[in-house]
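The values are calculated or read from the model by the stated rules, or taken from the named source; none is laboratory data. Everything numeric in this text was worked out from a predicted model, so none of it was measured. Note that we place each Cβ from the backbone using ideal geometry, even for glycine, and neighbour counts take in every protein chain shown.
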Amino acid sequence: MEFKKQLIEKLNERFEETLFLNNIFTKLANKLEIFKNQLDKYTYAGLEILYSSDDSNAKLTIEDDFISIEYDFDDMLIYIIADDIIREDYEDYEEARVIDKIGSSDDGESIYWKIGIEKAFDYYLKKAFENML
């Protein structure tokens, strides 16, 4: 069992950042799925809701707007993207819709690190779907 323990410790060290970000991604994706489940009852009244999720992306679409949580393994960042956000000072359309980037440590800019998961998640939903109010 000594080798097994050493191997696990080494793998934990090697993939520490990836596992840490994966944990954040999983928490956010779960929150998005729970929110989607709360909205399911409105589909019977005609609200269009689509939800998809895999190992690196969770996306919720309500009518014409969406929020997407994307885990970029290459950049080691989690991108929060909202469809109704378009910033004119960005040349790249995809980058213009990014409302937050989460790294493995507090970079002083990420909303997630500034206000915590609960308030950040609420902020993300507001940015994606505020025109529905």
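See the values below:
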read-out	value
Looking only at region 1-31, and only at residues there that are without any contact (Cβ under 8 Å) to a residue 60 or more places away in the chain and under 13 Å from the mean Cα position of the chain (by Cα), the one that is surrounded by the fewest Cβ atoms within 10 Å (Cβ to Cβ)	Asn23
Selected residue (criterion: modelled with the highest pLDDT) from residues of region 13-50 that are polar (S, T, N, Q) and under 16 Å from Met76 (Cα atoms)	Thr26
Residue list for region 32-53, filter: more than 18 Å from Ala128 (Cα to Cα) and either touching a residue at least 60 places away in the same chain (Cβ under 8 Å) or hydrophobic (A, V, I, L, M, F, W, C) (or both)	Ala45
Residues within region 21-48 that are charged (D, E, K, R) and on the phi > 0 side of the Ramachandran plot, tallied	0
